[in-house]
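I have placed the structure first, in the form of structure tokens, so that the comments after it can refer back to it.
The values are calculated or read from the model by the stated rules, or taken from the named source; none is laboratory data. What you see is a predicted model; the values in this text were computed from it and never measured. Cβ: placed from backbone, ideal geometry, glycine included. Neighbour counts: every protein chain shown. To get the accessible areas, we keep the full protein, side chains included, count just its heavy atoms, and leave off ligands, DNA and RNA. Shrake-Rupley method; radii C 1.70, N 1.55, O 1.52, S 1.80 Å.
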Amino acid sequence: MNFRVSLLALSTLPLALGCSSRGSCRGDFCGTVVFVTANNPKTLLPPVIDNTGARDIDEQLFLRLADPDMTTNVVGDANFVPRLATRWEWDDPKTLVFHLNPKARWHDGVPVTANDVAFSFDAYRDPVVNFSARNSLTRIASVTVRDSLTAVFRFKERYPTAFYDATYQMWILPQHLLAQVPRTDWLTATYGQHPIGDGPYRFASWTPGQTIELTADSTYFEGRPHLRRLIWKLVASPAQAVNAMVTNQGDALDFLGPPANVEQVKKTPGLSAIPYPGSNYIYLEMNERANGDSSKPHPVFADREVRRALTMALDRQGMLTSTFGPYAKVPMGPIPQWWSIWDTTVRTIPFDSADAARTLTAHGWRMGADGIRVKDSVRLSFEVIFTSTSALRMQYARLMQAQWKTVGVELQIQPLDQNLVQERLRSGKFDAALQGFNSDPTPASGIVQHWTQGAPEHFSHWVNADFDRLVSDATAGDVTKAKAQADWHAALNIINADAPGIWLAAPDNVAAVSSRIADVKLRPDSYWALAWTWRIPADRLIDRDR
Amino acid sequence: MTTRPTVALIGAIVVTMGIVELLRRRTRHADGWRRFFAHPAAAWGLRILVFFTIAALAAPLLAPFDPNAQPGIVTLQNTAPSWTHPLGTDLYSSDIWSRLVYGGRVSLGIGLLATLVAMTVGVTVGAIAGYTRGWIDGVLMRLVDVGLAVPRIFMLLLAVAYWDRIPLLTLILLLGLTGWFTTSRLVRAEALSIRARPFVDAARALGASPIRIVARHVLPAAAAPIIVSAVLSVGNVMLLEAGLSFLGFGVQPPTPSWGTMVADGQGQLALAPWTSFFPGLTIAIVVMSWNAVGDALRDAFDPRPEQM
Amino acid sequence: MGGRGAWLIRRIIAAAAIVFAVVSITFVAIHLAPGSPFLPPSDRPADPAMIDRLNHQWGLDQPIPTQYVRYLRNLSHGDMGYAFSRGQWVKDALASTIPSTLLLAGTALALDLGLGVILGLILAARARRATDIVLSNFTLFIYSVPAFWLGLVLVFVFADWLHWFPSGFTTTPGLYESMPFLSQLGDRLHHLAMPALTLGLVGAAGTARYQRAALLETLGREFVRTARAKGVRERRVLLVHALRNSLLPLITIAGLSLPFLLTGSVLIESVFSWPGMGRLATDAVLARDHALVSGIAIVASTMVVTGSLLADLLYSTADPRIREHA
């Protein structure tokens, strides 16, 4: 009898626990948004971050001098929004003067000054720090301090995206906190684990491998952010990211991927599927030098015709539809959908496996006994590496493997940890790599960084002087819009013809966001950048918002 | 499904039932076999194992499609079970039944071969340790202790970390080399007890070599526990291989194995649950059969009180 | 104390020797690994001068025996090397993940033993009748099911479809910190339920099978027949006499379950995004981070050895016959 009574008592416990905790937050400045991501940041120090997770977080912790607006037109300075700089003017076509907002403060209370701007420029350009977009700063001659709130940028020449280069790449860093940290240690510096910024959100906590939490800075000079907390939650894989959203454990996921996920989100009440212009693209990069020995040509990829034949053998539209459904397009080069140079009149390599087979045979690759082509006792077989956390890339790899098998090409699939992929790329120890690139608003930095000779993110060893010249013309000082467009068209034709890479897909991005969040705006170049302007109306607050 | 695979399937089922029935009839006077067949689960387990073995051997006959073919990556992906595709198609539009049949070759093959390796090493080490005794025995048994201390999967993970892509043979060897420890203890126990008997000293005096003595006396005595241990081990290895393949470390694409099939279907549980469900169910049923047969064999060799 | 004390000391020494052997073997394993542990943790080009400097600083250019001694010394301070894939020391990476795995494994073990014993009792009580046959086969099935597949099925049914349980993580993101203590406990349990159940069910099936056999064996023995002859009720015979005798080996089972639980955690943690040692191991292998994998292997073996030592200790306390044999 006693046993039964105590059992009854115990059974009421869940009721007591189930009663939601009444948090203390009311009104317009409550709200917690949980961002779900499979990208695990290793550091948050801006010049040395290495993934989009870190970038999204730094976007809230730090400030640029000015940000692009929703049009993301980065030519000239008309479409930029003041952030750290409250206004700017051009003293002459090569001198840009920024006036900083006197109310800007670092989160430790120290005011932000022009010294921080000069210090930041010096750091971002320092080869020891090895900032990944360092090349885009080469046309800035100097950044000097006129007074504590005025920074002067001098350029080496006049060119249309000068303002963009001056502002977009650099989140301003605190000189008083980083000057004493030796630049060689920036990669592992503790500042990166506990950053102090000047943005709308302060760093609150970091559980490695699990969560990063930011809290709103109520004294933020542009206005107090409505959302009290932003939390980044790490999942093991994109499939689980969707799971987390659908079971109400997450509020925002930037990339849903396969159409199955989009459908699932659409069917879930409380979630909205928000499409926005795709800023990324997926491609296969081929190493034209031998795997592990850059002095020798690659037995397969050094030959332009073979690369073209390999491209021709793939049904890119089919693979794309199989993977993305209606939510992507085949790009005509290393470009995402939202770039203005997206040009359907460019000559692209068609899908024709018969022609591909003929070309391969004509170039000495005879069909071998095991169904794989051979030439001078070298099999037409190579390995593709890619980040293991991307189910999308695995899917593409499998699809390409099957398609190439039908023309006698063997693809070996090698998923690896992200760091390992980077290491292989940089040391040239790879055959082919399935890459994805999340672009900046302007083609200049993306294409220059990835496909011109000697560029820091260019791993294929492909060289074409005409291409480099056209790209440099298109981004030069006084180029007119029409001439730039023509130059880009010609450049795209060249890069398609030479096929240093196979352009696989430019997805339409679809994000999933909880419907209770109002004022949701996704800026195309950095989806969550405007999170600090979002809010949750008082009548839609749920438990975790309080 | 078209005619030939359907006929082959029916044929396989008929042959399976026939073989087991034949076995049953022929052995109905033997005590041990009678005890074995007294377990209905064991009989069914045997049928399932025989069926999947036949299926694996006759895969080209039973599979209507090439397991790695992707005939319609847009139109045929993730289709539900139907007459043409009895178990449906997966994310890559490959036929699941065909992949299952060919995957059986890989999964069963790995299970059997790895167990063979494990048993060989285990018997050898156990016999040497038990027969020679002395310091060799000590060293070998300490090695066994170390082997038993590290959870098998961590040993496998450490080994796998050395290869970018594990060749199938290496995987089999690794699975085998991490699973011989318990068997060696069993065989050692038998070897010790046999070694202690007087006739062994007599035989040695007469010049019989140790190998001969081990082969003629130790092994037959240890046969029963070795067989039971082996049968149960196959199921274990299959689960391990499935787990490793599920994580991406075992069998490499495009080779189908039941574990990789479950991994493939992971991303679309809501959309196409059959892609993960069938391979997982198959693993369960086959491992269950190994376990049932192993249990029944244990009873057949050495009946326990409650059976009498 | 005499004999027992000596036996205990012998067992501890043996356990320590095993751990030492594992440590040495993994040391060799790390050194066979290609690549330097000081490759920069991210996408920076390797600076040969820096690598040489670090190699010299950490003594990697010294003869192997010297390195071995230093490795052991570092180990005694808890320094297991640097996990270049995490940007952390191996020790810190482990310290942050072991508690989660222990929580999962511990709960699974409790479920395993609890459910297993109860199920075993039912099976033995209804031996050879319809209930036994059906349940026995079901138990066999669960025992043979791949745990990760079971996890996927359970997630699909209970999380995605019924929404009764969350699909992963240890706590509700964003909400947990502001909950009162009782609710926090509830939230943790809510998230722990499915992964622990998945692991525990498979273990319980095994325990149940063992329990059934052990109980039936005990029931056939002399002293039980005596009890029956004395007119003791069947239920009491089962619960008091038979059960008590068959519970003893459970201690050993519990101790020996540790390898199974650690193995299972590698797979289950992947399915449920559970931030434990298993996930850490999987990521470490993908990154070819040999130092981290070795560190995990050492910790795992130490746990196993300690577990079986504790089991032996408890068993010998409970069963006097063992002590005498020492």
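Assorted remarks:
- Projected onto planes of every orientation and averaged, the convex hull of the alpha-carbon atoms in segment A:421-463 covers 3.2 nm².
- Segment A:67-123 - Rg (one decimal) and Dmax (whole number), Cα, Å: 13.0, 37
- Dimensionless Rg/Rh of segment B:75-155 - Kirkwood Rh, Rg from C-alpha atoms: 1.35
- Applying 0.36 nm per residue to the separation of C:SER24 and C:ASP79 and subtracting their alpha-carbon distance, the gain on full extension is 18.3 nm.
- Per-residue accessible area (protein heavy atoms, 1.4 Å probe) orders B:THR178, A:THR215 as A:THR215, B:THR178, starting from the largest.
- Rolling a 1.4 Å probe over the protein chains gives B:MET17 an accessible area of about 80 Å².
- Antiparallel beta bridges, as assigned by DSSP with both residues in chain A, represent about 80 percent of the total such bridges.
- Taking every Cα-Cα distance in chain A and sorting them into 10 Å bins starting at zero, the pair-distance distribution P(r) comes out as 3, 16, 26, 25, 17, 8, 3, 1, 0, 0 percent.
- Extending 7 Å from Cα along the Cβ direction at B:THR2 and again at C:ALA130 yields two label points whose distance is 4.8 nm.
- Estimated from helices alone, the mean residue ellipticity of chain B at 222 nm is -23000 deg cm²/dmol (sum of -39500 (n - 2.57) over DSSP H runs with n ≥ 4, per residue).
- Folded to 0 to 90 degrees: helix B:40-57 orientation relative to chain B principal axis, Cα: 70 degrees
- Its alpha carbons considered, segment A:110-194 gives a radius of gyration followed by a Dmax of 13.2, 39 Å.
- Seen against the Cα atoms of chain B and their longest principal axis, helix B:134-149 is set at about 30 degrees.
- Value in Å of the Kirkwood radius, where segment A:480-546 supplies the Cα pairs that are averaged: 16.3 Å
- Considering all C-alpha pairs of segment A:172-246, those separated by over 13 Å amount to 74%.
- Sites A:ASP519 and B:LEU206 - FRET efficiency at Förster radius 56 Å, r taken between beta-carbons, to 0.05: 0.05
- If you wrap segment A:308-419 in the convex hull of its Cα atoms and look at it from every side, the mean projected area works out to 8.6 nm².
- Measure of compaction for the protein assembly as shown (Cα Rg per 2.2 N^0.38 Å): 1.02
- Rounded FRET efficiency, nearest 0.05, which uses the C-beta distance separating C:PHE138 from C:LEU72 and R0 of 41 Å: 0.25
- Computed Rg/Rh of segment B:103-261, alpha carbon atoms with Kirkwood Rh: 1.07
- Helix B:219-247 axis, angle to chain B major axis (alpha carbon atoms, nearest 10°): 30 degrees
- One equal scatterer on each Cα of segment A:105-264, no solvent, Debye formula: the resulting log10 I(q)/I(0) at q = 0.20 Å⁻¹ is -1.27.
- Segment B:126-179, Cα convex hull volume normalised per residue, Å³: 80 Å³
- Largest to smallest principal axis extent of the C-alpha atoms in segment B:23-127, angstrom: 57, 37, 20
- Rg(Cα)/(2.2 N^0.38 Å) for segment A:446-494, N = residue count: 1.12
- Viscosity 0.692 mPa s, temperature 37 °C, Stokes-Einstein D of segment C:57-197 from Kirkwood C-alpha radius, µm²/s: 168 µm²/s
- Diffusion coefficient (Stokes-Einstein, Kirkwood radius over C-alpha pairs, 10 °C, 1.306 mPa s) for segment B:3-84: 105 µm²/s, rounded to a whole number.
- Here the convex hull built on the C-alpha positions of segment B:205-295 has a volume of 110 cubic angstrom per residue.
- MRE, 222 nm, helices only [DSSP H, n ≥ 4, -39500 (n - 2.57), over chain A, to nearest 500]: -8500 deg cm²/dmol
- All Cα pairs of segment C:233-317, percent lying beyond 19 Å: 55 percent
- Neighbourhood charge, 12 Å Cβ-Cβ cut-off, centred on B:ASP145 and excluding it, Lys, Arg +1 and Asp, Glu -1: +3
- Global form of segment A:36-182, assessed from the alpha-carbon gyration tensor, a/c cut-off 1.5: rounded
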